[in-house]
Each structure stands twice: as C-alpha cells, then as structure tokens.
Amino acid sequence: MSHRLRSLALRIFASVFRHRSQPGLDDELRFHIDMAVESYLRQGLASAEAHRHALADFGGLQQTREHYRDQKGLPMLETTLQDLRYGLRVLAANRSFTAMAVLSLALGIGANTAIFSLLYALLLRPLPVPNPGELVQVNIIIAGKPSDSFSYPVIQALSERKDVFAALGGFAGNSFAVGPPSAPVRTPGAWVSGGFFPALQLTPAAGRLLMPEDDRPGAGFVAVISDAYWERRFERSPSAVGATLLIEGLPVTIIGVTPAGFTGANVGEIADLTLPYQFLSHLSPDRQGLLQAGNQYSRILARPARGLSIEQARARLKVIWPAMAQVSVNPRTPQKRREAMLSSTLDLSAGGTGWTPLRSQYSKPLTVLMAISALVLLLACTNVANLLLARSAARRREFAIRLAIGAGRARVMRQLLMESLLLSFLGATLGLFLAHYGSRLLLTQVSQTIRLDVGLNLAVLEFAIAAAVLTGLLFGAAPALRSTSAGGATALRTASSAGQARGRLAGSLVAVQVALSFLLLIGAGLFVRTLHNLETIDPGFRHEGVLMADLDGRRIVHAGPAADARVAALFRDALEAVTAVHGVTAAGLSNFTPISGGYWSQAVQVKGQPPSEDDIVFFAVSPGFFSALSMPLRSGRDFTLRDDATGPPAAIVNQEFVRRFLPGVNPLGQAISAADSRYWKNMEIVGVAGDSHPYTLREAPRPCVYVPFFQQSPDRIGFGTLEVKAAGSLNAVAADISRTLSRVAPGAELRIRPFTAQVESSMRRERLMARLASFFGILALVLAAVGLYGLLAYAVAQRTAEVGIRIALGAEPGAVVRMMLARGMYPVAAGILIGLPAAWWTTRFISTLLYGLKAFDPLTIAAAIATLTAVALAAGFIPARRAAKVDPMTSLRQD
Amino acid sequence: MRPSRAEVLQGTLDMLVLKTLDTMGPMHGFGIAQRIRQISDDLLCLNQGTLYPALLRLEQYGWISSQWGASENNRKAKFYSLTRAGRKQLGREEAGWEQISAVINRVLKATS
C-alpha cells in the first residue's frame, strides 16, 4: 500500500499547489510524434501520410493531455478547491450580503457554542481519571426522595463491601485555615475518606495519595496537595512531600501531590488541600459531630468490583443495604426520620463527571437555554436562506448560463452548497470567538465563585463544526435546489419573471421566522415575568441598606478554659460595638440569615398538642434582629439581652406558626418544645413576628420559631452573622464596621457584604434565564423584522408596475400603503398561528422554572403578539410607503 | 470514472512497461511503445497516448523514475528507468500473472 499513499500524497500536493500544467509533457509528446513520423517516413510514406499514421497510432493528443492532467492531480479535490476559490470570490464580491449572513450565523452558532461549553463543563466533562466511565455515584432514596448526600459512617460501611465495590470513597468540599491561628489563610480543599483516591485510581505527581490507613482513628495528620498548590506554594520543590503545614492549628504532614489537571471531584471547586475525614476528630466538638451518622454532607464515588456491571452492583446493593441501613442513624435521630432512613434504598448512577450542586440547579435551565439558542440558530438559518434566495434570484442569469453551456445541475448545486458551507464556517469561526467570551460571561452569571474551565476543547470544537455543517446544508439546500431547478434554456427565458415562486418560498420562510420569534418572545416574557414576580415578592423583611458580617467565634477564640463563655462574650461585644457605629440604626445577630439557603429545622410540639408532622424552621436571633431586618412584631416583645442562659427559655413565633398551631388562641404565654431535642424545652412564646420567606423566595412563608441567640449554648452556636441596618453610604459604614470588628475580634476573617447581594444571588438562575431569554427574544425579533422587510421590499419592487397603474387610476397613497402592509401581514398571521400550538406544547417543559404564572400565560402571549405585530408593521411600513410614492409614469416605463 | 475495461488494460500495461524497462534498460516513451508493439507482433495495438498517464502513475507509485536526456538522434527526450521498488513489483506481477494464466488455461482445457 505504500506506493498508493505515496501517489496520493503527490497528487494532493499537485492539486493544492496547482502544479497541474506540465510543460515537459508537450515536449515529450512532440518528441514521440516526431519519432513516429520519422519512422513512417523511413518506411517510405509521404510526409502527410506519415503524419496521419503517427497521430492515429497515438490516439488523441488532447485526450492524453487531459488524462495526464487528471493523473497528475486529484480531479475531485481540484473541483472542490475550484468551488472554494470561486465561492470566496463570490462572497468577497457581495460584502454586505456576506457580512449580514456571517453575522447572523455567528450570533446563532456563537450562542449555541457558548451555552454548550458551559453545559459541557458543568454536566458532561469527565473527571481527569483513568476510565471515568467505570465510576459510579451512590444515591439514596429516602421516603421516595432521592438524595446524593451521605454521612461518614455510611461511607465507611459501604467501602468495606468489597463484594460490591473495588473501591469506594466519600468527599465533601471544605475550606481550611492554613498558617498560624492569628493570621490564617483560607485555602479551598476537601475532606475525603480513605477509599477516595483508590476509587479514582489517580497517579500522584509526587509522593503518595491518601489510603484507607490514613483515615483510621489515631492515624497521623496527613494531607495531599494539588499540583497547582505545589507550584504556588512550594515552586514544585520535591521537599514539599514531607513538609509540615499548620492546618486548623494542627501540624499536618504533606504526603503527596495529585496529578496536574485534577482539582477534586467537586466540579467547579478547586481542592488545593485534601485531608482524611478522621482529622475532624481532633478538632472542636461541633466539628467532631461531622463524623457521626445523621450529618449528611458527603457524596460518594466508587468503582464496582471487578467483573461486576452497574446493574449487578445495583442489585447487590439492594440486597445488602437493609441490613446495613442502621449505620445511617444515631440514637438521637427523630423517630420519623429513623424509620425513613431504615427503609431507604440505594441506587447507582454514572459518576464519571464528578459532582456539583449546580448540576441539579442548572441542568434544566441550561437544557432550556440550549433549546432556545437552537431556535435562534434555526432562525438565523432561515434568515440566511432568505438572503441566499434573494441573491439567487439576482444570480439566476448566471446559473442559467452555466447550465446552458453544459455545467451539470449537480455541479452548480455543489458550487452553491460550497458557498453556503463557506458562509457557515465563517459564521462558526466568528461564533467560536463570540462563544469564547460569551461562555465566560455566562459562567459569572451562574456563579461568582465557581472555578470552571469553559474554554475551547475538542468537544466544543466538534460541536461548533457540526453546527456549521448542519446549518450550511440546512440553509443552503432550498435555495440551491430552487436556483437550479429550471433547465438552462428555460431558466434563461424566464430569468426576469421568476419572482412568483420565489415569493411563495420566501413568504413561508418569513412565516417560519415569525413563528420562531413568537416562541422565543413568549419564552422571554415568561422568564422576565418570573423574575419580576420574584423581585416584587414581599419577603417579609427588608434587605435594602442592610450589611452582613460573619463572625466565627470558634476560630477567633482559642480553645481553653471558659472558651464557651469567651465566645458568648465576643458576640455580645461585637453586637454592642457595631450598634454604636455612626450611621448604624439597628443591629442584630443570628445563626442563619434568611434566603441564605441554610437553616435549622426540627419538629415542634406545642404543649397539649401532638408533635408537628413536618420540621419547623428555627433561627437563633439576638435582640435587634427584627428591627435590623425591618420585620414587624405583631404582638408581644422582642428579645432582650436578659434572654440569656440564665433567663427562662423564650421564643418568638411567626404568624404562620400561630395560624397552623394556635388558631384562635392568644399565643403569648404558650409553651412550645422541639420534639426530638435536648434543647429548646418548654419555651414560652413572648412575641409574634410577621411572616417571611426563610429559605428561598420561591417558597411560601413557613412556620418559624425564633429563639434567643444568647440563650443558646456556645458549643452549639459558635458562628453568627451580624445584620446591620445603616443610614447613608453603605460603603462608608461597612468600612467603619470592619474597623470596629477587627478591634473587638482580632484575627477574624471579615467579609462584609450587602444583604441585597444575598437576596439577588438567590435569584441568579431566574435572572440568567430572564436576561438570556430576552436577549434571544430581541435577537429573534430583529432577525424576523429583517426577513419581513426583505420580503416586502422585494414584493414592492416586483409590483411597481401594478402599483403605478393603481395610482394612475386614482388609488389613494393610504390605500396603497394598506394594501402592501396587508400583504406583509399574511406571513405574520401564519407564523403566529403556527406558533400558538407550538408554544402550548413547548412551554410545558419550562413550567418548573417559572414562578407566579402559568406556562401558557395569556398575558405573555398577548404581549408577544402585540410586540410582533408592532415590529412587523414597522418593518413593513418603509417598503409600503415606498410603494405609495411610486411615480406612475416612471414605473410604467420601466418594463 | 473511466470504464472498467481501461482498468484491466491499465494493469496489463503497467506490467508490460515494467518488463520492457527491465529487459531494455532506460528508455523514452516512444521507445517503450515501439518495443511493446514489436514484441507483441503488432497484436497488442494500444493507443500510444495512454502510455503517458500510465508512465506518470508508475512514477507516482515510485516504481519508475525519469530524467531528461539526449535521444539516439540527439534530441531532448525523457528517459524512464526501473527503480528497485519497480523491480520488486514486476516480480510480484509476473508471479501473479503466471498463476492466473495457468489457472485460466487449466479451466479452458478442462471445459473444452
């Protein structure tokens, strides 16, 4: 075969570099003929006869030259290259057309590629480990609800089951305080169980990775660092392995470095430090609790035992789990929860792509966005098809001539498709460029803290190329078929009057465009209204003008005698100092803040009633909390500083709580207890607060119990957030608060931020959808308007003579405008009629992303129709007016 | 692209060219054509024009090489000569040909 390859290479080379002509060949052929003539002359033939015989023997000089030329290069490749060159010339000659087409395709392909890059990075990219396809994630179904979170004892118990898993490990993101406690550096990292690295089968860049022995009680303090951290902190020095870091105040030995590119199993988070869970047992009591059953904050990745398929592993898990489920509960687990846990089942899902909480939150929105951007691309395609159609009408004579002089229809079509593909590849190139920036912009909209590489990679590139080829064929096919449909002679004859059919095709293309943009407008309307509904919700508190500052008492106060008392004193001092800052009108302290995503919950028992069936939200709040958040107290009193460990247990409930548990009763003075807790017994209700959305804005107000912050034992609340309401410039007050706090709580890591940012970030997803859907909706509207304008402008040009006659016969300009506009409204009406059922069908898929409105929302649909009609009228008005201004004499003379 | 009959001829022509160059040494195109004609006693009457694309193909395969030189009547002519790869190829083709013709002969004799 080597001779064939050699030949192919030579021929491709000759084709590409156009070494086709062969000056030597003519010399060679002339020599051949001369020799043949000479030989015939010697045989005694006359000169003319000798020539005739020589040429006859040879059998066609020109044919030989052609065959020689074909043999020299590759004819297929050459005509393709010829088409390419010709296509480039045509595109260069029609700059404005090319620019329009390329730009609309670039926007379409760019949007698709940008969203695909994010989708890929978040949902599809495999972890950089050997055979990621083998990895499975373990899930648990508790009382019908699937979850992927497990407690440490479950991880350890499952990793013992070598009959099911070759290796199994748990992991959870965490940030570690590295360095001396007086000036710690927050370093992102992860807790992992001993089976984590064996399950991933990573090869260390240096040293060794964590093994099951490192995660046993009593094991030494060891950690693994990331390649990037090795580079940053140790400049890749081999002595880093064996070095000691002070982590959470304890000396930890680095035993190895993970390979470059691996940043942990949490997608979008960078784990620079990885420590075994057992390290927790040496930290504060509240963190030791993280090793106990009931604290489900870890995810599990595993490789099934050798030779075991996922189905087989799943089946075995189903069998063994009921006997093991006991490890998932502890003695204090509430009865109902215990029953649910003991009757839970385990399942396996593909785990090769790692884990991120963003996945469950964003897989649906991103899929919807992908669909929306695909519609935009389709719209761009129809636009370019329309442009091509308009241009092919202008080029009809060119095609007719080419067909007439013997070019095959296939050849002309190939030429046209080549032009389309050229356009789409130009569009894709520009689109990739747009996507490069777009995907980064998108990522910041999804999360400010996520660390994800959304840059170009093979998968994204393949996607863009596939999109380009597909769009090229899609928008190129119809015009190419149409332009070449008439035979050469017929085409030449009818070249000037072939507008009718073109008008029909263009009209239906515009109808499709209207339908598409109608759909996209409805989508935009739904998402914008969802965001608006959320933004205008009364959350029950005011976040404007409120600053928040976290205080981690456990980190600030060193362990030692009376540590708890010192933590309590620290919070008290901090609250007092902040309240005294100039410009501060109210300040409070709580363990969780509303709309942060975190809260305690417990079943509650009102004295004389059975315990509540579901968990009730608890907040520990200090005096001043309600006024800092402008939450009204409907009756009773606020907490005071006397509601402390020495005072009688007190609680404030919200109105929803009263409605649910104490209807028609004076709630003040009633006693409530947490059903399954050593804490919160016989608390007297001292006040009733207004309702609020505790967890997310989407969720309706829930019953809440507020307990006094200073009444809680500091070993349970070592962490608090200050809420500070300020008048005047928030920045100035923030600076003052920062100064004050660093005096009261030296060494505290201060992150003072506006509460508004937290509320807004809870609507991040809705804002992203609203913004992108609007962007695409407007884009769609512009594309449809351009299409409609083109259609009407063409129709006006076509009917100039008719309009001239009408005006000459006395038609009013207004009537002409109306006539032309009515002509333009047909495709709009058709598009809306197609779009309505399509909208009914498609919007159902996004109903879970909406808030406060139905998916098939009449108001949104009416608004979309109104917008479309207005834009269509505006787009049609310009050509329609041109028609009305036709001078009858010139128009009649034209033809 | 070209009719299949030409393909069959091509292969045979290739072998003839290689064989000619093997026995006669470097030759120009006209010489090769004459030689094939003489040897076959004018029975194999090929269009001499088809020789040149075939020569090019053999050269692309690396089986023959060419260089310009002076002909017997002192004119500029392109001379083709067999390369080592070409000689090997000829050996293969001869063996293949003998095998096939032997088989065909046997078949023809058996059926007649």
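The values are calculated or read from the model by the stated rules, or taken from the named source; none is laboratory data. In this text the structure is predicted, and so the values were computed from the model without any measurement. Please note: Cβ atoms are built from the backbone with ideal geometry, for glycine as well, and neighbour counts cover all protein chains shown.
Any idea which of B:GLN67, B:GLN48, B:GLN60 is surrounded by fewer than 14 Cβ atoms within 10 Å (Cβ to Cβ) and either among the polar types (S, T, N, Q) or within 10 Å of chain A (Cβ to nearest Cβ) (or both)?
Numbers: B:GLN48 fails: surrounded by fewer than 14 Cβ atoms within 10 Å (Cβ to Cβ); B:GLN60 fails: surrounded by fewer than 14 Cβ atoms within 10 Å (Cβ to Cβ).
Checking each option against the conditions leaves just B:GLN67.
Quick one: which strands (runs of 3 or more DSSP E) sit completely within region A:244-326 and have at least 3 residues that are buried (at least 20 other Cβ atoms within 10 Å of the Cβ) and in contact (Cβ under 8 Å) with a residue 40 or more places away in the chain? Even if it seems obvious, please write down each step before you answer.
Details: elements: A:244-247, A:250-257, A:273-276, A:299-304.
Qualifying strands (runs of 3 or more DSSP E): A:250-257, A:273-276, A:299-304.
So which pairs qualify, if the first residue must be in region A:463-489 and farther than 12 Å from A:LEU377 by Cβ and outside the structural domain of A:LEU422 (by TED's automatic domain parsing), the second must be at pLDDT below 75 and surrounded by 19 or more Cβ atoms within 10 Å (Cβ to Cβ), the Cβ gap must be under 6 Å, and the two must be at least 6 apart or on different chains?
Within 6 Å, no pair qualifies.
Take the conditions in contact (Cβ under 8 Å) with a residue 40 or more places away in the chain and crowded, with 22+ Cβ neighbours inside 10 Å and apply them to A:VAL796. Does it pass? Quick ask: steps written out before the conclusion?
Values: in contact (Cβ under 8 Å) with a residue 40 or more places away in the chain: yes; crowded, with 22+ Cβ neighbours inside 10 Å: yes.
Criteria met by A:VAL796.
Closer than 30 Å to A:VAL782 by Cα, out of contact with any Lys or Arg (no Cβ under 8 Å at 6 or more places or on another chain) and hydrophobic (A, V, I, L, M, F, W, C): which single residue out of A:LEU377, A:LEU389 fits that description? Give the derivation first.
On the way: A:LEU389 fails: out of contact with any Lys or Arg (no Cβ under 8 Å at 6 or more places or on another chain).
After applying the criteria, what remains is A:LEU377.
Hand me the list of helices (runs of 4 or more DSSP H) wholly inside region A:737-821 holding 3 or more residues that are under 30 Å from A:ALA874 (Cβ atoms). Walk me through how you get there before you give the answer.
Values: elements: A:755-761, A:764-798, A:800-808.
Answer list for region A:737-821: A:764-798, A:800-808.
Name every residue in region A:308-340 that is touching a strand residue (DSSP E or B) at 6+ places or on another chain (Cβ under 8 Å) and either farther than 22 Å from A:PRO153 by Cβ or modelled with pLDDT of 90 or more (or both), in order of residue number.
Selection gives A:ILE310, A:GLN312, A:ALA313, A:ARG314, A:LEU317, A:LYS318, A:TRP321.
Looking at region A:184-203, is at least one residue in contact (Cβ under 8 Å) with a residue 40 or more places away in the chain, at positive phi and small (Gly, Ala, Ser)?
Looking through region A:184-203, none of the residues is in contact (Cβ under 8 Å) with a residue 40 or more places away in the chain, at positive phi and small (Gly, Ala, Ser).
Return the only residue of B:SER101, B:SER81 being in contact (Cβ under 8 Å) with a residue 40 or more places away in the chain and more than 9 Å from chain A (Cβ to nearest Cβ).
Numbers: B:SER101 fails: in contact (Cβ under 8 Å) with a residue 40 or more places away in the chain.
On inspection, the qualifying residue turns out to be B:SER81.
I'd like to verify a number: residues in region A:57-108 that are aliphatic (A, V, I, L, M) and under 30 Å from B:TYR61 (Cβ atoms), how many?
Looking only at region A:57-108, we keep the residues that are aliphatic (A, V, I, L, M), and these are A:61, A:74, A:76-77, A:81, A:84, A:88, A:90-93, A:99-103, A:105-107.
This time we only want the ones that are under 30 Å from B:TYR61 (Cβ atoms), so: A:61, A:74, A:76-77, A:81, A:84.
Going through region A:57-108 one residue at a time, the tally reaches 6.
Has region A:68-89 got at least one residue that is away from every other protein chain (no Cβ under 14 Å), aromatic (Phe, Trp, Tyr) and surrounded by 12 or more Cβ atoms within 10 Å (Cβ to Cβ)?
Here is the first cut: in region A:68-89, the residues away from every other protein chain (no Cβ under 14 Å) are A:80-89.
When the remaining residues are screened for being aromatic (Phe, Trp, Tyr), the result is A:86.
If we keep only those that are surrounded by 12 or more Cβ atoms within 10 Å (Cβ to Cβ) too, we end up with A:86.
Yes; the residues of region A:68-89 include at least one that is away from every other protein chain (no Cβ under 14 Å), aromatic (Phe, Trp, Tyr) and surrounded by 12 or more Cβ atoms within 10 Å (Cβ to Cβ).
For A:THR756, only one of the following conditions fails: (1) crowded, with 18+ Cβ neighbours inside 10 Å; (2) more than 17 Å from A:SER622 (Cβ to Cβ); (3) among the polar types (S, T, N, Q). What is its number?
(1)
Quick check on this structure: which one of A:THR367, A:THR382 is buried (at least 21 other Cβ atoms within 10 Å of the Cβ) and under 27 Å from the mean Cα position of the chain (by Cα)?
Only one candidate passes the filter, namely A:THR382.
Which is under 20 Å from B:PHE30 (Cβ atoms), free of Cβ contacts under 8 Å to residues at least 60 places away in the same chain and assigned to a helix (DSSP H, G or I), of A:ARG69, A:ARG30? Walk me through it before giving the result.
Details: A:ARG69 fails: under 20 Å from B:PHE30 (Cβ atoms).
Residue meeting the stated conditions: A:ARG30.
Looking at A:GLU699 and the list (1) modelled with pLDDT of 90 or more; (2) under 42 Å from the mean Cα position of the chain (by Cα); (3) exposed (fewer than 15 other Cβ atoms within 10 Å of the Cβ), which single condition is not satisfied?
(1)
Could you list, in sequence order, all residues of region A:850-883 that are of a type in the set (Asp, Glu) and loosely packed, with under 15 Cβ neighbours inside 10 Å? Quick ask: steps written out before the conclusion?
Step one: of region A:850-883, the residues of a type in the set (Asp, Glu) are A:857.
Answer for region A:850-883, where residues must be of a type in the set (Asp, Glu) and loosely packed, with under 15 Cβ neighbours inside 10 Å: there is none.
Would you mind finding the one in A:VAL192, A:VAL178 that is surrounded by 19 or more Cβ atoms within 10 Å (Cβ to Cβ) and modelled with pLDDT of 95 or more? Break it down into steps so the answer makes sense when it comes.
Details: A:VAL178 fails: modelled with pLDDT of 95 or more.
Unique residue meeting the criteria: A:VAL192.
Which one of these does B:ARG75 not meet: (1) surrounded by fewer than 16 Cβ atoms within 10 Å (Cβ to Cβ); (2) more than 10 Å from chain A (Cβ to nearest Cβ); (3) charged (D, E, K, R)?
Just one mismatch for B:ARG75, condition (2).
If A:GLU684 satisfies every condition in (1) assigned to a strand (DSSP E or B); (2) in contact with a Phe, Trp or Tyr (Cβ under 9 Å, 6 or more places away or on another chain); (3) modelled with pLDDT of 90 or more but one, which is the exception?
(2)
Pick from A:LEU629, A:LEU633: which is buried (at least 20 other Cβ atoms within 10 Å of the Cβ) and within 14 Å of A:GLY690 (Cα to Cα)? Even if it seems obvious, please write down each step before you answer.
Details: A:LEU633 fails: buried (at least 20 other Cβ atoms within 10 Å of the Cβ).
It is A:LEU629.
Is there a residue in region A:832-854 that is under 14 Å from A:LEU791 (Cβ atoms), in contact with a helix residue (DSSP H, G or I) (Cβ under 7 Å, 6 or more places away or on another chain) and assigned to a helix (DSSP H, G or I)?
Filtering region A:832-854 for residues under 14 Å from A:LEU791 (Cβ atoms) gives none.
Within region A:832-854, none of the residues are under 14 Å from A:LEU791 (Cβ atoms), in contact with a helix residue (DSSP H, G or I) (Cβ under 7 Å, 6 or more places away or on another chain) and assigned to a helix (DSSP H, G or I).
Inspect all residues belonging to region A:51-58 and state whether any of them is touching a Gly at 6+ places or on another chain (Cβ under 8 Å), closer than 17 Å to B:GLY31 by Cα, assigned to a helix (DSSP H, G or I) and within 8 Å of chain B (Cβ to nearest Cβ).
The initial filter retains those residues of region A:51-58 that are touching a Gly at 6+ places or on another chain (Cβ under 8 Å), namely A:58.
Keeping just the survivors that are closer than 17 Å to B:GLY31 by Cα gives A:58.
Then keep just the ones that are assigned to a helix (DSSP H, G or I); that gives A:58.
Filter once more, so that each one left must be within 8 Å of chain B (Cβ to nearest Cβ): A:58.
Within region A:51-58, one or more residues are touching a Gly at 6+ places or on another chain (Cβ under 8 Å), closer than 17 Å to B:GLY31 by Cα, assigned to a helix (DSSP H, G or I) and within 8 Å of chain B (Cβ to nearest Cβ).
Any residue in region B:50-68 that is more than 15 Å from A:ALA9 (Cα to Cα) sitting within a Cβ distance under 7 Å of a residue that is among the hydroxyl-bearing types (Ser, Thr, Tyr) and outside any helix (DSSP H, G or I)? List the pairs, counting only those 6 or more apart or interchain.
Filtered contacts from region B:50-68: B:LEU55/B:TYR80; B:TRP63/B:THR83; B:ILE64/B:TYR80; B:ILE64/B:SER81; B:ILE64/B:THR83; B:SER65/B:SER81; B:SER65/B:THR83; B:SER66/B:TYR80.
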